[in-house]
Every structure is written in structure tokens, then in C-alpha cells.
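Notes to accompany the following structure.
The values are calculated or read from the model by the stated rules, or taken from the named source; none is laboratory data. Since we're looking at a predicted model, the values are computed, not measured. When we count neighbours, we look across all protein chains shown, and the Cβ atoms used for this are built from the backbone with ideal geometry, even at glycine. Heads up: the accessible areas ignore ligands, DNA and RNA and are worked out on the full protein's heavy atoms, side chains in. Shrake-Rupley method; radii C 1.70, N 1.55, O 1.52, S 1.80 Å.
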Amino acid sequence: MSPSLVEEVQELKRRRNAVILAHNYQLGEIQDVADHVGDSLYLSRMAMGTDAKVIVFSGVLFMAETAKILNPEKTVLLPDLEAGCSLSDSITADQLRAWKAEHPGAVVVSYVNTSAEVKAESDYCCTSSNALDIVRRIPESTEVLFLPDMFLGDYVKRKIGRKNMHLWAGDCFVHTRMRPDTVRRMRAEHPGAELVAHPECGCSTEVLPDVDRVLSTDGMMRYANETRSPEVLIATEIGILHRMRKVNTTTNFLPLSPEAVCPFMKKNTLEKLRNSLRDMKFQIEVPAPTIVKARRALERMVAE
Ligand code: 13P
Ligand code: SF4
């Protein structure tokens, strides 16, 4: 009998001395075969702490680049090079340089969903898990340029009452589609359900008071572990429901929007993961000067 894809992945992983990191939005079958599943911050920390020689990132390009910047000596693989991110593409390093020139002296806080070149132009990186803490560290009198997600930026700005914080007008097309009217309709259909939303959501600004919790994907996982609510509406990419339903079988977790599927995250399949380990492709490279500059902002992110 020929080995199953899962067996092949496990055998190749052993042979290559590899670790498989998978984001919470990956297909269930990939999550199940991964060594670590989590949000951007957790996976960056796992990439930094691993003894493995090869890191296979089942996620998107900016995540694999982040792993490479934090581990320049290791081989980092992304199973499909088309696994990009529209949010990350919403700002280039040239655009950031021009924005910085308009605000001399400002501190740049970049969401981790950015290219390596944009990180190299940044003072701090943050994720949805620690954006509030990172911005709180910056002296009150210093202007902040926050990019590229305007919904996360607006959430941080409101939450800490920061006036001198400028937001780049980028968004994630998957999360933006979850609008206040989606919330109102689903609330009416599920009157007893709690609502938990990712801060990238287009609904988070207008209906913030109506959202029970605004959390990163790992924050959502901790909540899923603990909640006793019979029904919960989840406003983020639907891949996370696989893990939630595994860790808590008594709560009914429902997507706020079943169409919230990230086509970039879903470029990864079990077959491509196998091919990636078998053929050692696609290797992520970041130029050394970019690594040196981007690392400082990323180290501040993982340390927070
Ligand atoms: P987190 O997993 O860090 O919450 O971010 C979600 C995301 O945008 C991944 O693309
Ligand atoms: Fe980018 Fe949005 Fe997909 Fe995350 S869900 S990878 S932010 S496009």
C-alpha cells in the first residue's frame, strides 16, 4: 500500500529535520499535520526558537519572510509562492519613505502583514496580539505612523485615546467585507450568541460597542477554550473554526460570514506541503541589508 500524503509529509519532515508552522487560517488537514499552529506572533516566536534546520511555513509570504529575517541561517520554505497578502501589498517601501518624509520625527509602527522592505523602513513591528502594547510604549508627544491596516489602527487609536497617530488607508479584503449590516443581520438571526471579532474587520470600528471581544486569532483560540456560551459568532477567516470546534465541542461556533475565506492562505494544500519538503521549494531569500534593518523592528515585536 502506498503511503498516505500525511505519512509522506511526516517522513519527509523527519528526513529534512524540518518544523511545520501553520497559521490558524490554514486548511484543517494542514493544521492537523503541523508542529505548531497559531497566530502571527506565536508563529514568529516558534520560528525563532526552533532547533530544526528547515522551517516550512504554511501561511503567506510575509510570514515566511518574517521567519527568514529572524533565522537567516535556516532554510525557510513556502509551499506556494502565490500565497501573498493584499493587505501587505497595500504599501510599498517607496510609499512609506514618502510618508515618513511628510512626518519627520514620527515613529513607524508596521503591522507584521508587510513586506520585508517595508519592515526595514519601520521602527516597530506589531501583530494584532500586541499592537496596543507596542503603541503604548511610544512617548505621548511623538507622532506615530501606523500601517497598513486602517481598521486595526483605528481600533488601537480609539482604545488608547491616541490623537497623534496617523493611519495608512490599507485593509484586508477578507475582513473588510464583514460590515456592520452583516453583524446586525447575524445578531438578529442568533439573538443569544456572543460576537468575537478580529480587529482587521470592517465591522470593528462602527459597531465596536456591539462586539463582545476584539481579539487576535490566538486570543480567539484562548477564548474558544474557555467559553461556556452555547453559541458564538466568529468574525474572521473561517479556517480558525477547525481548531475551535476541536478544542470545544459543546459551543456552537459559527462564522459571521461563511464567505470570509482568504484565497492566499488557501493556496496551501497538503500536496504542496509534501512537494515543498520533497523538492525543498520554494526557498525564501531576503537580501542581507534588508534583514539587518528589518530585524530590529521584528525583535521589538517578539519581545513585547
Ligand atoms: P493574527 O493571526 O496575528 O491575528 O493575524 C491574522 C492575519 O491577518 C493573518 O493574515
Ligand atoms: Fe492578508 Fe487578509 Fe489573507 Fe490575512 S486574511 S493573509 S490579511 S488577505
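Can you tell me which residues in the stretch 216-233 are closer than 19 Å to MET186 by Cα and either basic (Lys, Arg) or within 16 Å of ligand 2 (Cβ to nearest atom) (or both)?
Result: MET220, single match.
Here is a list of conditions, (1) farther than 25 Å from ARG245 by Cα; (2) under 14 Å from the mean Cα position of the chain (by Cα), and THR142 meets all of them except one; can you say which number that is?
The one condition THR142 does not meet is (2).
Suppose we filter the stretch 220-251 for residues that are farther than 21 Å from LEU21 by Cβ and either among the charged types (D, E, K, R) or surrounded by 14 or more Cβ atoms within 10 Å (Cβ to Cβ) (or both); how many remain? Steps first, answer last, please.
At the first step, the residues of the stretch 220-251 found to be farther than 21 Å from LEU21 by Cβ are 223, 226-235, 245, 248-251.
Okay, now just the ones that are also either among the charged types (D, E, K, R) or surrounded by 14 or more Cβ atoms within 10 Å (Cβ to Cβ) (or both), so 223, 226-229, 231-235, 245, 248, 251.
Summing the residues that are farther than 21 Å from LEU21 by Cβ and either among the charged types (D, E, K, R) or surrounded by 14 or more Cβ atoms within 10 Å (Cβ to Cβ) (or both) in the stretch 220-251 gives 13.
Need at least 2 residues that are within 18 Å of MET178 (Cα to Cα) and within 16 Å of ligand 1 (Cβ to nearest atom) per element, so show me which helices (runs of 4 or more DSSP H) inside the stretch 231-304 make the cut, counting only ones lying wholly within it. Outline the logic, then answer.
Working: elements: 240-247, 270-279, 288-303.
Because the criterion is at least 2 residues that are within 18 Å of MET178 (Cα to Cα) and within 16 Å of ligand 1 (Cβ to nearest atom), the helices (runs of 4 or more DSSP H) in the stretch 231-304 that meet it are 240-247.
I'm trying to understand the selection: among the residues of the stretch 252-280, which are open to solvent by 70 Å² or more (accessible area, probe 1.4 Å) and either within 16 Å of ligand 2 (Cβ to nearest atom) or within 24 Å of SER86 (Cβ to Cβ) (or both)?
Passing the criteria: PRO258, GLU259.
Quick check, is ALA131 more than 19 Å from ALA288 (Cα to Cα) and modelled with pLDDT of 95 or more? Even if it seems obvious, please write down each step before you answer.
On the way: more than 19 Å from ALA288 (Cα to Cα): yes; modelled with pLDDT of 95 or more: yes.
Here the answer is yes, as ALA131 does meet what is asked.
Just to be sure, is LEU87 under 29 Å from ARG158 (Cα atoms), within 13 Å of ligand 1 (Cβ to nearest atom) and surrounded by 24 or more Cβ atoms within 10 Å (Cβ to Cβ)?
Details: under 29 Å from ARG158 (Cα atoms): yes; within 13 Å of ligand 1 (Cβ to nearest atom): yes; surrounded by 24 or more Cβ atoms within 10 Å (Cβ to Cβ): yes.
So LEU87 fits the description; yes.
Give me the pairs: first residue in the stretch 164-185 and hydroxyl-bearing (Ser, Thr, Tyr), second residue outside any loop (DSSP other than H, G, I, E, B) and open to solvent by 20 Å² or more (accessible area, probe 1.4 Å), beta-carbon distance under 9 Å, and six or more apart or on different chains, which are they?
Going by the 9 Å Cβ cut-off, the qualifying pairs are THR176/PHE151.
For the stretch 250-304, which residues satisfy the criterion of being farther than 30 Å from PRO230 by Cα and among the basic types (Lys, Arg)?
Correct list: LYS267, LYS272, ARG274, ARG278, LYS281, LYS293, ARG295, ARG296, ARG300.
So how many residues does the stretch 75-84 have that are away from ligand 1 (no atom under 16 Å from the Cβ) and open to solvent by 20 Å² or more (accessible area, probe 1.4 Å)?
Qualifying residue count, the stretch 75-84: 2.
Of the residues in the stretch 88-117, how many are among the β-branched types (Val, Ile, Thr) and within 20 Å of SER216 (Cβ to Cβ)? Show your work before the answer.
Here is the first cut: in the stretch 88-117, the ones among the β-branched types (Val, Ile, Thr) are 91-92, 107-109, 112, 114.
Those left that are additionally within 20 Å of SER216 (Cβ to Cβ): 109, 112, 114.
Number satisfying all stated conditions: 3.
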